[in-house]
1. Estimate the FRET efficiency between LEU15 and LEU127 by the formula 1/(1 + (r/R0)^6), using the beta-carbon distance for r and 25 Å for R0, to the nearest 0.05.
2. Per residue of the range 50-64, what does 6.51 cos²θ - 1.76 cosθ + 1.60 with θ = phi - 60° give for ³J(HN,Hα)? Whole Hz please, x for Gly and Pro, Karplus curve as stated.
3. Just in the range 1-98: which trypsin sites (Lys or Arg not before Pro) are loop by DSSP and have at most 12 other Cβ atoms within 10 Å?
4. Hey, could you get me the Stokes-Einstein D for the range 66-156, Kirkwood radius over alpha-carbon pairs, 20 °C and 1.002 mPa s, rounded to whole µm² s⁻¹?
5. Please build a GNM for the chain, connecting alpha carbons under 10 Å apart, and tell me which residue among GLU135, GLU33, GLU92 fluctuates the most.
6. Provide the per-residue ³J(HN,Hα) series for the range 95-109, in order, calculated from phi with Karplus coefficients 6.51, -1.76, 1.60 and θ = phi - 60°, each as a whole number of Hz, with x at glycine and proline positions.
7. Only one of the listed values, (1) 45; (2) 51; (3) 58, was derived from the coordinates as percent of Cα pairs over 21 Å apart; which label is it?
8. Using the Cβ atoms and a cut-off under 12 Å, what net charge is assigned to the surroundings of ALA41, where Lys and Arg are +1 and Asp and Glu are -1?
Amino acid sequence: MTTDLPRDDGLVDMLSRVRRTIRDYLRTKHRVEDANQHPIAAILAARAVADAARQDMLSHARRARGAGVPWRDLAEPLGVDQSDTWVDPPGEAFRLVAGPPPMPYDPIYATWSCASCEQVITDSGPLAGHPTDAEKGHRDDCRRYANEIAAYEART
């Protein structure tokens, strides 16, 4: 699945700067003018940039959760394939943000800061059901949490 975005000259410019940064890194660190001269270093530099971009993407997803964006609305921007009938997009978005469990078969959690009550929330994901089962850590007077509960109860 790909999200078709309109051409964004700012994004094109940013990607050009990233490529220049990789070239500059190869030039200064490995004293090569062409990535073809040191392809392993070029791969490592590109992977470092990709890893940093992925961490930024996940950080933005956690911030969106804190603002009340549901997992189902995060699936597409996170690149979850929604055309596969075997895939649960909200669950996959959650798993992507939560990452692997510390030990095999341990439960996974995503943590994020609630924009409403400013508490760190431990989220066990959309399959946990009711928000009182899925999101732990909100203050009792949290408006975002109350809205989440009301929306869930309206759907069920």
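1. The value I calculate is 0.10.
2. For the range 50-64, the Karplus curve yields 4, 5, 5, 5, 5, 5, 5, 4, 5, 5, 5, 5, 5, 5, 5 Hz.
3. ARG7, ARG31
4. 156 µm²/s
5. Among GLU135, GLU33, GLU92, the largest mean-square fluctuation in the Gaussian network model of the chain belongs to GLU33.
6. Result, rounded to whole Hz: 4, 5, 6, 5, x, x, x, x, 10, x, 6, 6, x, 10, 9.
7. Correct label is (3).
8. Net local charge, ALA41 excluded: +4.
Read the figures in this text as sums done on the coordinates, not as results from a lab. Since this is a predicted model, take the numbers as computed values, not measurements. Every residue, glycine among them, receives a Cβ derived from its backbone with ideal geometry; neighbour counts consider all protein chains shown.
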